[in-house]
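One structure is given below, encoded as structure tokens.
What follows draws every value from the coordinates through simple rules; no lab data is involved. Please read these numbers as outputs of a predicted model, since none were measured by experiment. Ideal geometry is used to build each Cβ from the backbone, glycine not excepted, and the neighbour counts take in all protein chains shown.
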Amino acid sequence: MEGKGILVSERENHRSRRNRSITINSPVEDKILWAEEIFQDTDFTHLAEELEKLKEAIERSRTVMNEKGIFKACSECGDKSCCGEGIEQRFDATILILNLLLGVKLPHKREIKHGCFFLSNRGCKLKVREIICINYLCKKIYEEVEIDDIIEVQRICGEEIDLIFRLSEEIKRKIKEGARK
Ligand code: SF4
Ligand code: SF4
């Protein structure tokens, strides 16, 4: 949906050194360059406390996914992983800014042929993943993992998703505020 992602026109994005503009449909490589410019040009220090909470929430999500056997099931997928090429095109660029804020170095080329742009041999390169990546559990998981465990995973991951949503909205607000100056 066009309006759901960040749309930065050249007028709004005049603070950007190269006046790059993106939409939700822009190639992921452009979104990465845009996110890196915004990250360099914008003061996000007011988000420090919420970012710390996000780090902790991500850790809790990972712990519960590990404990309930989701990681084991996913690691057995190998080439059949659901992290396929093209999924990254649906990503909102604020997710990339969140990753930069948590110290992730974003890739500039695809490592795995036919895999998601952010996939490596060791798994996902992102700390902050899109909601679809966090939420998605395939049929195999529903068959292999107890339903109570799945509900527990979804409850814990829900805290991570709430924080990502709040932080993304704040990042968009900050970018718009910068563009008005
Ligand atoms: S969610 Fe399912 S298809 Fe995707 S990596 Fe995990 S087990 Fe494999
Ligand atoms: S961002 Fe990470 S979890 Fe999401 S599809 Fe790509 S590699 Fe998989």
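Observations, loosely collected:
- Highest-MSF residue in the chain out of Glu169, Glu159, Glu146 [GNM, Cα springs under 10 Å]: Glu146
- Taking amide H as placed 1.01 Å from N in the peptide plane, the amide H of Gly84 sits under 5 Å from that of Cys116, each at least 5 places away or on another chain.
- Candidates per chymotrypsin sites (Phe, Trp or Tyr not before Pro) in the stretch 133-180, loop by DSSP, up to 16 other Cβ within 10 Å: Tyr136
- The stretch 93-174 shape via C-alpha gyration tensor axes, a/c threshold 1.5: oblate
- Selected from Asn135, Asn121, Asn99 as most flexible by GNM, with the chain as the system and alpha-carbon contacts under 10 Å: Asn121
- The largest-to-smallest principal axis extents of the Cα set in the chain are 53, 36, 28 Å.
- Selection from Gly78, Leu106, Ile171, by position along the positive dipole direction of the stretch 2-180 (Cβ): Leu106
- Listed residue (Phe117, Ile22, Ile97) projecting farthest to the positive dipole end of the chain, Cβ model: Ile22
- For a 4.7 Å threshold on C-beta separation, the list of partnerless cysteines in the chain reads Cys74, Cys77, Cys82, Cys124, Cys133, Cys138, Cys157.
- Net charge dipole, the chain: roughly 740 debye, given to the nearest 20, about the Cα centre with Cβ charges of +1 for Lys and Arg and -1 for Asp and Glu.
- Normalised by the number of residues in the stretch 2-180, the average gap of Cα pairs under 8 Å and 6 or more apart makes the relative contact order 29 percent.
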